[in-house]
1. Just one of (1) part of a strand (DSSP E or B); (2) at pLDDT 90 or above; (3) closer than 25 Å to Leu45 by Cβ trips up Phe99, so point out which.
2. Of all the strands (runs of 3 or more DSSP E) wholly in segment 102-195, which have at least 2 residues that are among the charged types (D, E, K, R) and modelled with pLDDT of 90 or more?
3. If only one of Val148, Val119 is more than 13 Å from Leu189 (Cβ to Cβ), exposed (fewer than 13 other Cβ atoms within 10 Å of the Cβ) and in the same structural domain as Asp185 (by TED's automatic domain parsing), which one is it?
4. Using beta carbons and a limit of 7 Å, which pairs, at least six apart or on different chains, have the first residue in segment 3-17 and on the phi < 0 side of the Ramachandran plot and the second one surrounded by 18 or more Cβ atoms within 10 Å (Cβ to Cβ) and assigned to a loop (DSSP other than H, G, I, E, B)?
5. Select, from Arg88, Arg65, Arg37, Arg77, the only residue that is among the basic types (Lys, Arg), assigned to a strand (DSSP E or B), on the phi < 0 side of the Ramachandran plot and more than 16 Å from the chain's Cα centre (by Cα).
6. Taking the conditions exactly as written (within 11 Å of the chain's Cα centre (by Cα), surrounded by fewer than 17 Cβ atoms within 10 Å (Cβ to Cβ) and outside any loop (DSSP other than H, G, I, E, B)), does Gly59 satisfy them or not?
7. Looking only at segment 65-120, count every residue that is in contact with a helix residue (DSSP H, G or I) (Cβ under 7 Å, 6 or more places away or on another chain) and not hydrophobic (A, V, I, L, M, F, W, C) and tell me the total.
8. Among the numbered conditions (1) modelled with pLDDT under 95; (2) crowded, with 17+ Cβ neighbours inside 10 Å; (3) among the hydrophobic types (A, V, I, L, M, F, W, C); (4) part of a strand (DSSP E or B), tell me where Trp18 comes up short.
Amino acid sequence: MRYFKLTIAYDGTDFHGWQMQANKPTVQGEIVSLLRRLTQENVQLHAAGRTDAGVHALGQVASFRTQSAMGAGEFQRALNALLPPAIRIVCAEEKGPDFSARWSAKGKVYRYRIYRGKVVPPMLWRYVLHYPFPLDEEAMRDAATRFVGVHDFSSFAASTGSEDDDKERNKEREIFATELKRTEDGEELWFSVHG
């Protein structure tokens, strides 16, 4: 058995999130469909996390295992040739059996973009919240620091389908850092969360 890590970038606008869903286009569904076609195996693709409908990623990590003789570079080239242009395999690497995208993840970075200018350029409208009205940025920076630390994220956790299993799950997570900054051109505010 061979183990592979994929680093994936995607524009989530046209997808119903990461996770496979019946009769709906998803990022995982697109990639799994092609991996199964390429390997002729019932490949399972596991990710470091999931994104909701319309959410984008620059470095989503996923992993799968296969008995295929294809190498990492061949998987990258084949997937990028067959995937829709909104999904790209940025990097493909062969890993050892101990690697798991889900369990090997050390952190995630989320960025929320607020466009402050009067008119959003057409190339950006899918990726920003347009809010040209006054904001108290100092108060926002102060509030952002309060996210740092260990917090209970129960209200964000999906159910496993079992009340007993859900009770046993640790839903505390640590936020390592937050940052609110303006882009060099001053047109955007970026709120970044590293957890």
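The values are calculated or read from the model by the stated rules, or taken from the named source; none is laboratory data. Everything numeric in this text was worked out from a predicted model, so none of it was measured. As a convention, Cβ positions derive from the backbone with ideal geometry for all residues, glycine included, and neighbour counts pool all protein chains shown.
1. Condition (1) is where Phe99 drops out.
2. Numbers: elements: 109-115, 149-152, 172-175, 177-182, 188-194.
Result: 109-115, 177-182.
3. Values: Val148 fails: exposed (fewer than 13 other Cβ atoms within 10 Å of the Cβ).
After applying the criteria, what remains is Val119.
4. Listed pairs, sorted by first residue: Gly12/Thr51; Phe15/Thr26; His16/Thr26.
5. Working: Arg88 fails: more than 16 Å from the chain's Cα centre (by Cα); Arg37 fails: assigned to a strand (DSSP E or B); Arg77 fails: assigned to a strand (DSSP E or B).
Of Arg88, Arg65, Arg37, Arg77, the one residue that is among the basic types (Lys, Arg), assigned to a strand (DSSP E or B), on the phi < 0 side of the Ramachandran plot and more than 16 Å from the chain's Cα centre (by Cα) is Arg65.
6. Numbers: within 11 Å of the chain's Cα centre (by Cα): yes; surrounded by fewer than 17 Cβ atoms within 10 Å (Cβ to Cβ): yes; outside any loop (DSSP other than H, G, I, E, B): yes.
In short, yes.
7. 6
8. All conditions pass for Trp18, except number (4).
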